[in-house]
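Asker: Dumping the structure here so I can ask a few things about it.
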Amino acid sequence: MNNDAYVKPMPTLSPEMTIFELIDADPSLLSIFARLEIKLPFGDMTVEQICRRDGFSDTLFLELCRLCINGNYRPNAELFEEYMLPQVVHFLRASHRYYINEMLPHAAEHLDEILASCDDLSKSTLSRFYQEYVRFVEAHLEEEERDLFSVIEGGNSASLSRFDDIVVPHTDIDDRTNDIASLIFKCLPERASTALRCAMLSDIYALRDDLRRHNDVEMYLLRPMIEKFISSK
């Protein structure tokens with residue numbers, strides 16, 4: 001999987017920095033607060049204070065931030081502690097809800113606006129393709145919930161042998177996302193508004209990049225923790 005699309009310089013992050021300083025360093029980190037339902041207002045509270053208030057490891061929180069900022073970042077497994085494993089699962093579950101309840105519906109709103117200006121053939125093709133894409137994403141997320149997260153919470157290491165079979169198919173989602181982008185670029189009639197096309201494409205690429213980060217959290221945070229705290233037992 002090519003992560004170059006979202007590789008950024010890594011700012012210096014620390015538990016002592018304020019939340020404002022953290023978001024100012026990279027505004028994309030706002031999505032982490034949204035999916036973890038970390039409550040406003042922040043005032044001058046630091047990362048450490050917010051994490052302590054909400055019962056989340058500040059070490060793990062900052063590792064999540066670093067993974068989200070830079071696709072080439074690889075966490076240090078020596079920092080992991082066993083109590084962090086359910087927190088990673090909690091973040092991944094929250095990300096699933098964020099995709100289903102926020103990102104996919106937001107893209108669908110722009111799609112509906114585009115379809116209003118399309119001929120019947122273009123409307124049918126794009127609508128069907130997007131619906132199939134949503135079903136594919138939802139099915140994959142459901143599989144993770146059922147065959148990965150629930151198994152981890154049950155502590156059944158023998159059943160985790162399918163980790164690669166479950167996580168690696170994120171590459172299929174990536175390919176399908178690019179297919180939708182290609183349709184919007186190439187197949188819509190000229191009367192479809194450029195502004196609407198750009199809004200829809202922005203949604204699609206944002207979802208693609210977020211799913212790539214999701215995959216990185218699974219591969220470079222979740223997997224090492226499974227190996228360290230479940231498989232080794």
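The values are calculated or read from the model by the stated rules, or taken from the named source; none is laboratory data. Keep in mind it's a predicted model, so treat the numbers as computed, not measured. Cβ placement follows ideal geometry from the backbone for every residue including glycine, while neighbour counts extend to all protein chains displayed.
Asker: Looking for whichever is crowded, with 19+ Cβ neighbours inside 10 Å, modelled with pLDDT under 85 and more than 19 Å from the chain's Cα centre (by Cα) here; the options are A158, A192. Which one fits?
Answerer: Step by step, each of A158, A192 is checked, and only A192 is crowded, with 19+ Cβ neighbours inside 10 Å, modelled with pLDDT under 85 and more than 19 Å from the chain's Cα centre (by Cα).
Asker: Can you find even one residue in the stretch 46-67 that is within 17 Å of the chain's Cα centre (by Cα) and among the small types (G, A, S)?
Answerer: no
Asker: Here's something else I'd like to know. Taking A139 as the residue in question, decide whether it is part of a helix (DSSP H, G or I), among the hydrophobic types (A, V, I, L, M, F, W, C) and surrounded by fewer than 15 Cβ atoms within 10 Å (Cβ to Cβ).
Answerer: For A139, the condition - part of a helix (DSSP H, G or I), among the hydrophobic types (A, V, I, L, M, F, W, C) and surrounded by fewer than 15 Cβ atoms within 10 Å (Cβ to Cβ) - is met.
Asker: Here is a further query. Just checking, which of R35, R52 is among the basic types (K, R) and in contact (Cβ under 8 Å) with a residue 12 or more places away in the chain?
Answerer: None of the other options fit; the residue is R35.
Asker: Further question: Evaluate the stretch 45-61: report whether one residue or more is under 24 Å from L207 (Cβ atoms) and surrounded by fewer than 16 Cβ atoms within 10 Å (Cβ to Cβ).
Answerer: No, the stretch 45-61 contains no residue that is under 24 Å from L207 (Cβ atoms) and surrounded by fewer than 16 Cβ atoms within 10 Å (Cβ to Cβ).
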